[in-house]
Structure formats: structure tokens, C-alpha cells
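Novice: Here it is, the structure in full.
Read-outs throughout are calculated quantities, based only on the coordinates presented, and are distinct from any laboratory measurement. Just so you know, these numbers come straight off a predicted model, no measurement behind them.
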């Protein structure tokens, strides 16, 4: 395999690892749509469990995609926000949404 192809494959695998799993993209989409509090994010994603959302947010924080802000109030207020780095993925999500819409129409029209 040529060096360029090997690098492309590695980059593609990194991207697939990042978006892999059922919940990563919906969580990013929710955050980019303005949901900041844990329950807001949870309510905006049908079917996600509290445990899974917590796990996703922790992993995304470790990967510098989400910033967790804790405010010293009573009760303690925790908000999440997408980092600028995370927002660079927004165009890809938009393209995925557009492709998914077209694909659904294509498949349904072929039936």
C-alpha cells in the first residue's frame, strides 16, 4: 500500500473510531444545538440512558471535545459545552444528516 493510502486509511480509522458507537454523534448534535445541562441533553436524545450519557460525556471530555463547567451554587450547577475543536465536526454532521435524508428517500422510492 502506498504511503498516502496508508495515511488516508489511518485517518479514516481515526474518524470512524471517534464517531463509532450509537450515541457520540447524537450527543455532539445535542450540544451544538444549545443543550448544556445533563438532563437537557438526555431529554433531547430518545433512548439514551443516564449511565450511557455520563460515559459518553466523560470520554468526550477526555478527548477535548467537551468542556465541563461546574458552578458553585446550591445546588451545584454543571453544564457542558462543545469545544471549538468539537465544533469543527459540525460540517461533517450536517453532511451526514443531508446524506441520510437523501438515502432514505432513495431507498423508499425504490420500493
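Novice: Relative to the present Cα-Cα distance, how much length would full extension add between residue 78 and residue 51 at 0.36 nm per residue of separation?
Specialist: 8.1 nm
Novice: Next question, about the same structure. To the nearest 10 degrees, how steep is helix 90-109 against the longest Cα principal axis of the chain, on a 0 to 90 scale?
Specialist: Compared with the principal axis, the helix lies near 60 degrees.
Novice: Is the range 1-95 rounded, prolate or oblate when judged by the Cα gyration tensor, a ≥ b ≥ c being the square roots of its eigenvalues, rounded requiring a/c under 1.5 and prolate requiring a/b larger than b/c?
Specialist: Numbers: a/c = 2.46, a/b = 2.13, b/c = 1.16.
It comes out prolate by the Cα gyration axes.
Novice: Let me have the 222 nm mean residue ellipticity of the chain computed from DSSP H runs of 4+ only, each contributing -39500 (n - 2.57), with the sum over all residues rounded to the nearest 500. Numbers along the way, then the final one.
Specialist: Values: 6 runs with 70 residues, N = 111.
The helix-only estimate for the chain comes to -19500 deg cm²/dmol at 222 nm.
Novice: Let me check against my output: what whole-number percent is the relative contact order of the chain, with C-alpha pairs under 8 Å and at least 6 apart? Intermediate results must be reported in sequence, preceding the final value.
Specialist: On the way: 75 pairs, mean separation 23.7, N = 111.
Once normalised by length, the contact order is 21 percent.
Novice: May I ask you to compute the full-extension gain from residue 4 to residue 71, defined as 0.36 nm times their residue separation minus their alpha-carbon distance, rounded to one decimal in nm?
Specialist: Result for the pair: 19.4 nm of gain on full extension.
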